[in-house]
1. Is at least one residue of region 370-381 outside the structural domain of Leu276 (by TED's automatic domain parsing), within 27 Å of Gly245 (Cβ to Cβ) and among the polar types (S, T, N, Q)?
2. Exactly one of these conditions fails for Gln275: (1) surrounded by fewer than 13 Cβ atoms within 10 Å (Cβ to Cβ); (2) under 18 Å from Trp254 (Cβ atoms). Give me its number.
3. Out of (1) modelled with pLDDT of 80 or more; (2) assigned to a helix (DSSP H, G or I), what's the single condition that is false for Ile494?
4. List pairs: first in region 125-141 and touching a residue at least 60 places away in the same chain (Cβ under 8 Å), second surrounded by fewer than 13 Cβ atoms within 10 Å (Cβ to Cβ) and among the aliphatic types (A, V, I, L, M), Cβ under 9 Å, 6+ apart or cross-chain?
5. Can you give me the number of residues within region 296-342 that are over 29 Å from Arg251 (Cβ atoms) and among the charged types (D, E, K, R)?
6. From the list Glu400, Glu410, which one is surrounded by fewer than 16 Cβ atoms within 10 Å (Cβ to Cβ), more than 17 Å from the chain's Cα centre (by Cα) and under 17 Å from Gln41 (Cα atoms)?
7. Being under 15 Å from the mean Cα position of the chain (by Cα) and small (Gly, Ala, Ser) is the filter here, so list the residues in region 12-62 that pass it.
8. Specify the residue that is farthest from the chain's Cα centre (by Cα); the eligible residues are those in region 497-523 that are buried (at least 16 other Cβ atoms within 10 Å of the Cβ), at pLDDT 80 or above and in a helix (DSSP H, G or I).
Amino acid sequence: MQGKKVSKPIVRISIISIALAVIVNLITIAVVTGFQQEVRQKITGFGAPIFIMSASENSVYESEAIHTDQSFLKDLALDSDIEAVYRVGYKPVLFQSERTEIHYTLPNGKDTSEINQQVNGAIIKGVDSTYNLDFFKTHLTEGKLPNYASSSSNQHILISRKLANDLSYNVNDTVSAFFVKNRPIKRKFIIIGIYDTGLEEFDKKTVLAKLSIVQELNDWGIKACIELADTMLNGQLIIGANVIGGNGHHRYNWGLGYETYARFTHCPIKDTTFQLIASDYWSNIEGRNEVNAIPDTAYLKITVEGTGFSPCDFEHNELGELKRNYLADDGSKFSIQAGHKNIIFEFIEGRGSAHNYVGGFEVMIKDWEQLDAVVNRTSNRIDLAPTKYNELLKTTSIRENQHDIFVWLEFLDINVVIILTLMILIGIINMGSALLVLILIRSNFIGMMKAMGATNWSIRKIFLIQVSFLISRGMIWGNIIGVGLCFMQSYFGIFTLNPEVYYLTEVPIELSLLNWALLNVVTLLVCITALIIPSVVITRIKPVNAIKFN
């Protein structure tokens with residue numbers, strides 16, 4: 001009776017310790033796995049697991065433009081582990097809030113006011129109509145997703161709740177955006193939707209826009225147009241090229257081959273059409289053996305109406321500039337009077353070759369576990385092998401592009417191992433103590449069993465089975481409580497987090513059936529195996545002493 005009084009609290013403590021170990025281990029695995037998966041999904045939602053870009057760059061946000069027409073795209077489409085490949089481009093931007101007047105009272109009682117206007121930097125990510133927006137759809141809080149298949153969506157952008165709050169933006173607001181090109185420019189965009197992922201570091205800097213806008217803003221390729229100067233030279237008109245993009249070292253083909261002259265004089269006496277083909281070059285005007293921008297073509301149509309003997313006697317205004325009568329609102333068509341003649345100029349600017357370039361290719365994979373294998377295969381196909389445009393490309397994984405975050409996530413695995421080990425070790429120590437107590441208070445039983453011919457191992461198995469029963473009781477209670485807490489957090493989000501520190505708004509939970517089963521099986525086997533050692537005490541008990549002890 002006295003033995004039971006001693007053993008009962010010890011056995012209860014041992015059962016509780018096993019239950020606590022299971023609870024802590026279940027929650028640890030569920031939280032860490034959920035945290036890693038949630039952060040990984042959100043990061044890959046902003047940028048794909050694999051990115052193909054120019055080999056000369058180190059940042060996906062500042063990648064040099066590459067051609068969209070790449071031969072390796074067909075090979076990637078045949079890879080069973082690759083889900084999709086998307087064309088994307090990036091452009092830094094400054095967003096400006098509206099001017100607001102703030103009124104306040106000074107300590108001396110005088111009322112005053114000041115103008116408040118905020119400016120925030122971000123990165124515009126350009127995507128086209130083929131891009132999968134499911135990630136942003138999941139986290140959309142206001143408005144709707146942009147439809148970039150429509151030409152009417154050119155000015156539509158999708159911004160984060162963080163950026164909207166900082167700059168007091170709302171859905172359908174028209175916002176001012178500033179970009180740095182050859183010269184700073186200002187553009188207007190319309191907020192079509194607002195999203196919130198809780199990953200504030202990425203939310204505050206990622207804005208979704210149409211890829212064609214980013215291609216244009218980055219001056220990729222060549223954009224050509226023909227201009228007419230306001231003044232004249234030696235009584236003749238000055239016609240010139242206005243070309244942007246490329247490497248800035250432009251060449252012009254007016255019909256007789258490439259040359260470096262951008263302007264010439266002309267006196268229209270009959271209907272004429274000028275064609276300009278513009279590109280860039282590095283060392284030789286023909287661009288041989290060089291990586292040159294895809295050329296762009298622009299036109300100027302001149303129509304001469306009426307008769308007279310002074311075809312270049314054009315009318316001027318009070319400033320000495322050619323007096324133009326605009327026939328189109330965008331200024332692409334106008335007429336100038338020259339005596340009895342009416343000269344009509346119609347400018348047709350080039351479409352531009354920017355649409356032939358992207359910042360890189362995002363490669364989406366079907367299974368995260370295959371990331372390294374797909375990266376290796378893609379690298380073998382692409383890295384440092386000159387393309388048909390003599391470009392050198394490279395393949396990077398999101399683990400490289402977001403190295404610090406993924407090192408941190410992998411470091412959590414070490415914490416899990418430490419916690420699991422410590423908790424199982426505590427459970428083993430407590431169950432070992434309970435086993436020793438059970439052996440000591442039943443020494444008489446052990447002595448009698450040995451006297452009747454029982455072997456040490458058969459007696460040890462009896463106690464191990466008894467301890468296994470106690471461990472199982474603790475594990476059952478631990479599973480009930482641990483799984484219950486996981487479900488509560490998963491469905492109700494009781495425990496919250498600071499997104500500025502942890503990238504998430506609440507503690508994530510991800511407990512798979514496999515992880516749950518492995519934890520229980522391993523815990524049971526490790527504990528029972530470890531208790532074989534303290535059961536050796538049974539071999540030291542001699543029947544004579546045990547019976548006398550009673």
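The values are calculated or read from the model by the stated rules, or taken from the named source; none is laboratory data. Bear in mind the structure is a predicted one, so any value in this text is a computation, not a measurement. Here Cβ is always computed from backbone atoms with ideal geometry, including for glycine, and neighbour counts include all displayed protein chains.
1. First, the residues of region 370-381 that are outside the structural domain of Leu276 (by TED's automatic domain parsing): 370-381.
From what is left, the residues that are within 27 Å of Gly245 (Cβ to Cβ) are none.
The answer is no; no qualifying residue exists.
2. (1)
3. The failed condition is (2).
4. Cβ pairs passing all conditions: Asp128/Ala149.
5. Final tally of qualifying residues: 9.
6. On the way: Glu400 fails: more than 17 Å from the chain's Cα centre (by Cα).
Going through Glu400, Glu410 in turn, the sole match is Glu410.
7. Gly45, Gly47, Ala48, Ser59 - these are the residues of region 12-62 that are under 15 Å from the mean Cα position of the chain (by Cα) and small (Gly, Ala, Ser).
8. Thr523
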